[in-house]
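Student: Before anything else, here's the structure in question.
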Amino acid sequence: MTGGQPVEGQITVPQITQQLAAEGVNRIVVVSDEPHKYPAEAGFAPGVSVHHRDELDRIQRDLREQKGVTALIYDQTCAAEKRRRRKRGTFPDPNQRVFINELVCEGCGDCSRASNCLSVVPVETEFGRKRAIDQSSCNKDFSCVKGFCPSFVTVHGGKVRKSKAAGGGEELFAKLPEPKLPKLDFPHNILVTGVGGTGVVTIGAIIGMAAHLESKGCSVLDMTGLSQKGGAVLSHVRIARSPDQIHAVRVAAGEADSLIGCDLVVAAGAEAVSRMRSGLTRAVVNSHETTVGDFTRNPDLQFPTSELRNAIVEAAGADATEFIDATSLATALMGDSIATNMFMLGYAWQRGLVPVSREAIERAIELNQVAVDANKRSFNWGRAAAVDPAAVERVARPAPAVPIRALSKSLDELVARRVEFLTGYQNAAYARRYEELVRKVQAVETSRTPGQNGLTEAVARYAFKLMAYKDEYEVARLYTDGTFAKAISQQFEGDYKIEFNLAPPLIAERDSETGHLKKRKFGPWMMTAFRLLASLKGLRGTAFDIFGRTQERRMERQLIADYFALVEEIVATLTPANHRIAVALASIPEHIRGFGHVKEAHLKTAKAREAELLAQYRAPTPAPLAQAAE
């Protein structure tokens, strides 16, 4: 039941199997995330087998070969529902978390494929797009750990170190003016949009209760759909002077007076846009880029921020639309992203988009009896952001004691950072080899295609990517150079210990069905082994490098040699006509990611694309890149 609703009659899984068997189903299989909870005498129908969800794919393949009717029962509490119940203290809460070592991560997306989880979010870094765990929304499913990658660390004990809620604010709140609220000569239509599991329905309920407290007419219609899975939620709220003025609960097309967009994607969707009308609708929208479901299947997905914003502006009008990064502000101010939607309500109310009084809203928050003080403060911080955004920014984002290292702003800075990294990776000579290649390309590109630097930047990024391949020595170095310890201490506090989820090629077992290496857990002692391995990085590529003899390591060294040879060919033949294809060729390593079998799969696809581009590059008259893509 994806909505978390109770099952009528409280029928159990064993009872379902008995009913199916009585109706003549030939074979019945139960799959669960907790198969151990069923004892031998659980009451299943004869012949029923119980398996862990990890075997789901195998079981489905098996059942499709069976003759007659078969049934597969998947038994697991909705992950979002688990999170809700844990907040209420009515569901077991595992005392562990997952953390991703950003520098070890390759951004391959295998963790998203394994988990299909939106709490695995993209992070843009100096060395490309990586992954992180959004601890505020994490459902503790832990299936992301099964992604074939050594960057995943399990943290046992301790707590997430949330940013402390901003103190003060009372003086700022006291100075906030009362806005001019909409008149109710006609029913006022509000559309609240957002993502399931974040409290969108609560916002509609708060507004509805506030209207009720003022003896106004009000209707609230929640369109939740697959909201428990992070899907779109729309609340249609209509407020009038009296109930008899409301003749329909749904906001009709082009009839929304106010849009409170708690999520940019949902606010720009067809359902929401169709309710807006230029000259009537006023919109306030959270501009934060929240991960969408497509990202779990496409690791290169680019968030279409401009297109989404334009869709809303076109529907409501530029003068009637405001965007604010409410998620970042609310998280910084309140210590948790769950405060975002109440922050948006405060912002919208202060802008005069909600025709109920502040006193009524605050009383409705009290009657809701959930995080009353926090919700009131979130509401008031939203109000303050609408009046004095600069003051709120100063409280939310004070100047850091240690300046944050931003992404490279110039080609020289980009190269310098990678030279520094490669020196630590191997030695100064190794880094010098990289820099000499980049400077050679830069000289040729400047000479033959004046005003262009795309090729140099591509080589600077991707020669580095190939040269800094993550073998055992490098993974060990990235865990022991102090960066990991600092990162994990910034996210967790208290008494905790860590476990590493690894599949060392020389000792890991292989899955009997897939042939892939199997990950297993290693305790804190692994840090000692990492330090030893990191100190032996000088053996890399020598006759004493036992790891370097594996097929994967030989392949990685060959990729470097092949790339240098490719760049030499490009340097020798570069012209303005083939420049764009040359840049695309030099960027091919962007798509070679991951570890083990994941990297092999990415490499196969990348090499196929490289062959296509090379054929065009070497043609007497190179085809335009757009045609090459076709």
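The values are calculated or read from the model by the stated rules, or taken from the named source; none is laboratory data. Predicted, not measured: the structure shown is a model, and the values here were computed from it. Ideal geometry is used to build each Cβ from the backbone, glycine not excepted, and the neighbour counts take in all protein chains shown. What goes into the accessible areas is simple: the full protein's heavy atoms, side chains included, and nothing from ligands, DNA or RNA. Shrake-Rupley method; radii C 1.70, N 1.55, O 1.52, S 1.80 Å.
Student: Scan segment 20-40 and report the pairs whose first residue is assigned to a strand (DSSP E or B) and modelled with pLDDT of 95 or more and whose second residue is aromatic (Phe, Trp, Tyr) and open to solvent by 50 Å² or more (accessible area, probe 1.4 Å), with Cβ atoms within less than 7 Å and a gap of 6+ or a chain change.
Tutor: Qualifying pairs under 7 Å: Val31/Tyr74.
Student: So which residues in segment 44-91 are closer than 30 Å to Ser119 by Cα and assigned to a loop (DSSP other than H, G, I, E, B), if there are any at all?
Tutor: Applying the first criterion (closer than 30 Å to Ser119 by Cα) to segment 44-91 yields 50-61, 72-91.
Listed by number, the residues that qualify are Gln76, Thr77, Cys78, Gly89, Thr90, Phe91.
Student: Sort through Ala272, Ala268, Ala248, Ala252 and tell me the only one that's over 23 Å from the mean Cα position of the chain (by Cα), within 22 Å of Met342 (Cα to Cα) and among the hydrophobic types (A, V, I, L, M, F, W, C). Step through it out loud before you land on a result.
Tutor: Numbers: Ala268 fails: over 23 Å from the mean Cα position of the chain (by Cα); Ala248 fails: within 22 Å of Met342 (Cα to Cα); Ala252 fails: within 22 Å of Met342 (Cα to Cα).
Exactly one of Ala272, Ala268, Ala248, Ala252 is over 23 Å from the mean Cα position of the chain (by Cα), within 22 Å of Met342 (Cα to Cα) and among the hydrophobic types (A, V, I, L, M, F, W, C), namely Ala272.
Student: Scan (1) in contact with a Phe, Trp or Tyr (Cβ under 7 Å, 6 or more places away or on another chain); (2) under 30 Å from Gln452 (Cβ atoms); (3) open to solvent by less than 20 Å² (accessible area, probe 1.4 Å) for the single condition Glu590 breaks and write down its number.
Tutor: Unmet for Glu590, out of (1) in contact with a Phe, Trp or Tyr (Cβ under 7 Å, 6 or more places away or on another chain); (2) under 30 Å from Gln452 (Cβ atoms); (3) open to solvent by less than 20 Å² (accessible area, probe 1.4 Å): (3).
Student: Give the residue that is most open to solvent (accessible area, probe 1.4 Å), with candidates limited to residues of segment 269-278 that are among the aliphatic types (A, V, I, L, M) and part of a helix (DSSP H, G or I).
Tutor: If we take residues in segment 269-278 being among the aliphatic types (A, V, I, L, M) and part of a helix (DSSP H, G or I), then Ala270 is most open to solvent (accessible area, probe 1.4 Å).
Student: Quick one: count up the residues across segment 279-317 that are open to solvent by less than 50 Å² (accessible area, probe 1.4 Å), part of a helix (DSSP H, G or I) and modelled with pLDDT under 85.
Tutor: Within segment 279-317, residues that are open to solvent by less than 50 Å² (accessible area, probe 1.4 Å), part of a helix (DSSP H, G or I) and modelled with pLDDT under 85 number 3.
Student: Condition first: out of contact with any helix residue (DSSP H, G or I) (no Cβ under 7 Å at 6 or more places or on another chain), small (Gly, Ala, Ser) and modelled with pLDDT of 80 or more. Now tell me which residues in segment 210-228 satisfy that.
Tutor: Across segment 210-228, the qualifying residues are Ala211, Ser215, Ser219.
Student: How about segment 535-549: which of its residues are open to solvent by less than 30 Å² (accessible area, probe 1.4 Å) and either free of Cβ contacts under 8 Å to residues at least 60 places away in the same chain or under 31 Å from the mean Cα position of the chain (by Cα) (or both)? Steps first, please.
Tutor: Narrowing segment 535-549 to residues open to solvent by less than 30 Å² (accessible area, probe 1.4 Å): 540, 545, 548.
Within segment 535-549, Asp545 is the sole residue that qualifies.
Student: A further question on this structure: One residue is enough: does segment 92-108 have a residue meeting the conditions in a loop (DSSP other than H, G, I, E, B) and surrounded by fewer than 12 Cβ atoms within 10 Å (Cβ to Cβ)? Write out each step before concluding.
Tutor: Initially, segment 92-108 is screened for residues in a loop (DSSP other than H, G, I, E, B), giving 92-95, 101-108.
Next, only the ones that are surrounded by fewer than 12 Cβ atoms within 10 Å (Cβ to Cβ) stay: 92, 94.
Among the residues of segment 92-108, at least one is in a loop (DSSP other than H, G, I, E, B) and surrounded by fewer than 12 Cβ atoms within 10 Å (Cβ to Cβ), which makes the answer yes.
Student: Among the listed residues Gln558, Gln616, identify the single one that is out of contact with any helix residue (DSSP H, G or I) (no Cβ under 6 Å at 6 or more places or on another chain), part of a helix (DSSP H, G or I) and either open to solvent by less than 20 Å² (accessible area, probe 1.4 Å) or farther than 27 Å from Gly482 by Cα (or both).
Tutor: Gln558
Student: Under 6 Å by Cβ, and 6 or more places apart or on different chains, what pairs join a residue from segment 193-204 that is at pLDDT 80 or above with one that is charged (D, E, K, R) and part of a loop (DSSP other than H, G, I, E, B)?
Tutor: Filtered contacts from segment 193-204: Gly194/Asp263; Val195/Asp263.
Student: So for segment 521-528 (the condition being β-branched (Val, Ile, Thr), open to solvent by 40 Å² or more (accessible area, probe 1.4 Å) and not in a helix (DSSP H, G or I)), does at least one residue qualify? Spell out how you get there, then give the answer.
Tutor: First pass over segment 521-528, keeping only residues β-branched (Val, Ile, Thr): 528.
Right, trim to open to solvent by 40 Å² or more (accessible area, probe 1.4 Å) and you get 528.
Now narrow it down to the ones that are not in a helix (DSSP H, G or I): none.
Scanning segment 521-528, I find no residue that is β-branched (Val, Ile, Thr), open to solvent by 40 Å² or more (accessible area, probe 1.4 Å) and not in a helix (DSSP H, G or I), so the answer is no.
Student: How do the pairs read when you match residues in segment 433-459 that are under 20 Å from Pro589 (Cβ atoms) with residues anywhere that are among the polar types (S, T, N, Q) and outside any helix (DSSP H, G or I), using Cβ under 8 Å and keeping only pairs 6 or more apart or on different chains?
Tutor: Short answer, once both residue conditions are applied: Gln442/Asn453; Glu445/Gln452; Glu445/Asn453; Leu455/Thr449; Ala458/Ser587.
Student: Can you tell me which residue in segment 321-332 is nearest to Ser137 (Cα to Cα), limited to those that are outside any loop (DSSP other than H, G, I, E, B) and open to solvent by 30 Å² or more (accessible area, probe 1.4 Å)?
Tutor: Restricting to residues being outside any loop (DSSP other than H, G, I, E, B) and open to solvent by 30 Å² or more (accessible area, probe 1.4 Å), the top hit is Thr331.
Student: Continuing with this model, one more query. Could you tell me which residue of segment 562-582 is farthest from the chain's Cα centre (by Cα), considering only residues that are open to solvent by 50 Å² or more (accessible area, probe 1.4 Å) and of a type outside the set (S, T, N, Q)?
Tutor: So the residue we want is Ala572.
Student: Can you tell which of Ala476, Ala428, Ala468 is open to solvent by 20 Å² or more (accessible area, probe 1.4 Å) and hydrophobic (A, V, I, L, M, F, W, C)? Break it down into steps so the answer makes sense when it comes.
Tutor: Numbers: Ala476 fails: open to solvent by 20 Å² or more (accessible area, probe 1.4 Å); Ala468 fails: open to solvent by 20 Å² or more (accessible area, probe 1.4 Å).
Selected residue: Ala428, the only one of Ala476, Ala428, Ala468 that is open to solvent by 20 Å² or more (accessible area, probe 1.4 Å) and hydrophobic (A, V, I, L, M, F, W, C).
Student: Could you please let me know if Gly335 is surrounded by fewer than 23 Cβ atoms within 10 Å (Cβ to Cβ), touching a strand residue (DSSP E or B) at 6+ places or on another chain (Cβ under 9 Å) and not basic (Lys, Arg)?
Tutor: Judged against the criteria, Gly335 is not a match.
Student: Read through the list (1) open to solvent by 60 Å² or more (accessible area, probe 1.4 Å); (2) outside any loop (DSSP other than H, G, I, E, B); (3) touching a Phe, Trp or Tyr at 6+ places or on another chain (Cβ under 9 Å), then give the number of the only condition that Glu420 fails.
Tutor: For Glu420, the exception is condition (3).
Student: Kindly list the number of the only condition in (1) of a type in the set (S, T, N, Q); (2) over 24 Å from Leu181 (Cα atoms); (3) open to solvent by less than 20 Å² (accessible area, probe 1.4 Å) that fails for Thr340.
Tutor: The single condition Thr340 does not satisfy is (2).
Student: Look through Gln490, Gln452, Gln442 and report the one residue that is over 20 Å from Thr125 (Cα atoms), open to solvent by 30 Å² or more (accessible area, probe 1.4 Å) and in a helix (DSSP H, G or I). Spell out the reasoning first.
Tutor: On the way: Gln490 fails: over 20 Å from Thr125 (Cα atoms); Gln452 fails: in a helix (DSSP H, G or I).
Checking each option against the conditions leaves just Gln442.
Student: Pick from segment 123-139 the residues that are modelled with pLDDT of 90 or more and touching a helix residue (DSSP H, G or I) at 6+ places or on another chain (Cβ under 8 Å): which of them is surrounded by the most Cβ atoms within 10 Å (Cβ to Cβ)?
Tutor: Within segment 123-139, the match that is surrounded by the most Cβ atoms within 10 Å (Cβ to Cβ) is Arg131.
Student: Take the conditions at positive phi, open to solvent by 70 Å² or more (accessible area, probe 1.4 Å) and either at pLDDT 95 or above or small (Gly, Ala, Ser) (or both) and apply them to Gly482. Does it pass?
Tutor: Values: at positive phi: yes; open to solvent by 70 Å² or more (accessible area, probe 1.4 Å): no; either at pLDDT 95 or above or small (Gly, Ala, Ser) (or both): yes.
When the stated conditions are applied, Gly482 does not pass them.
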